[in-house]
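Each remark here refers to the structure printed beneath this line.
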Amino acid sequence: MVHALEEIHRLLKPTGALIDIHPVAESSPIEIHQCGRIDLVGYLSIRQWCIDFQQADNALTEIAQRGLFAVEHQGVSNSLTYYASAAEMLTSLQESIDKFARDAQSAGEAAPHAEALAARAEELMRAAVSEAELIVHERTHISRLRPT
Amino acid sequence: MSFRIDPENNETRALFAVANFGGQHVLEIGCGDGRFTWRYAEKAERVTAIEPSAKQIALAREHLPNQLQGRIEFHNIAFEDFASASAPSAFDIVILSWSLC
């Protein structure tokens, strides 16, 4: 990881900038919104299966300490993804698991978790009296670093 | 898929708060299916987007918006291979999109 950052330093112009974006390693709430009412479906526990983005934070700290980059900005952004159905959310979660699971075992453990969340969402959406929206919250770290 | 990712543009606003893309040559490492690339590419002079997954890069090429044709170059390549074949000081901005791990 640190070697990759050294390579990025080489590829950047001296006046350039490195922007790193990665999710905050915490549980993301999943909710159903209808007519001003919010029902909690559950939490997507990415820490249990996702590749370790804490390592990304550590690498940025290390590279700054070594003097290759200086951190100019660090912040957190909150975003929402809206799904029309539980099945659609499940497909999207499965794609994320395929892409970001640490290994096959973690992916295998994450799949039932995603399916359980989708089943709960389906149940709540079926009980909704009006059109409901299924919303997954996500928080991402965004950092800007300049080569030194 | 009809789901909407960040329609409030919170992530895009956070990105534009930390970088001015005007006239810049951008390298995005780990562009995936390009969903994030579309958000800033119109402002950049040129984007080189790399992704090791052939499936994801095919999706990115397939869904490239018309207005961004000619502005983005996609490469199905791992970063290590791309870096070893690239000249130094080639980019104004490098974006690591969920790929620093």
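The values are calculated or read from the model by the stated rules, or taken from the named source; none is laboratory data. Being a predicted model, the structure only gives us computed values, none of them experimental. SASA here: full protein model, heavy atoms, side chains in, ligands and nucleic acids out. Shrake-Rupley method; radii C 1.70, N 1.55, O 1.52, S 1.80 Å.
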Next on the checklist: Given a 1.4 angstrom probe, what's the average accessible area per residue across the protein assembly as shown, in square angstrom?
Outcome noted: 48
Item to check | Solvent-accessible surface (1.4 angstrom probe) belonging to A:E123, in square angstrom, nearest 10 | outcome: 110
Checklist entry - What is the distance in Å between the Cα centres of the range B:59-87 and the range A:46-97? => result 22
Checklist entry - Which of the lysines could a cross-linker bridge to A:K13, judged by Cα under 28 Å and excluding same-chain residues fewer than eight apart? => result B:K43
Checklist entry - In the range A:40-84, how does Rg compare with the Kirkwood Rh, expressed as the Rg/Rh ratio over alpha carbon atoms? => result 1.13
Checklist entry - Once amide H atoms are built 1.01 Å from N in the peptide plane, which residues 5 or more positions from A:G42, or in another chain, come under 5 Å H to H? => result A:I30
Checklist entry - Which ³J(HN,Hα) values in Hz, rounded to whole numbers, follow from the phi angles of the range A:61-67 under the Karplus curve 6.51 cos²θ - 1.76 cosθ + 1.60, where θ = phi - 60° and Gly and Pro get x? => result 5, 5, 5, 5, 5, 7, x
Checklist entry - When we measure straight from the Cα of A:K99, which lysines land under 21 angstrom away, once same-chain ones fewer than 8 places off are left out? => result B:K55
Checklist entry - What is the ratio of the Cα radius of gyration of chain B to 2.2 N^0.38 Å, where N is its residue count, to two decimals? => result 1.04
Checklist outcome for this item: Counting only residues 5 or more apart in sequence or on a different chain, those whose built amide H sits under 5 Å from that of B:Q24 are B:E45, B:R46
Checklist entry - In the range B:1-90, what percent of the accessible surface is made up of carbon and sulfur (1.4 Å probe, ligands and nucleic acids excluded)? => result 47
Checklist outcome for this item: Residue-ordered couplings for the range A:81-90, obtained by feeding phi - 60° into the Karplus form 6.51 cos²θ - 1.76 cosθ + 1.60 and rounding to whole Hz (Gly and Pro as x), are 10, 9, 10, 7, 8, 5, 5, 5, 5, 4
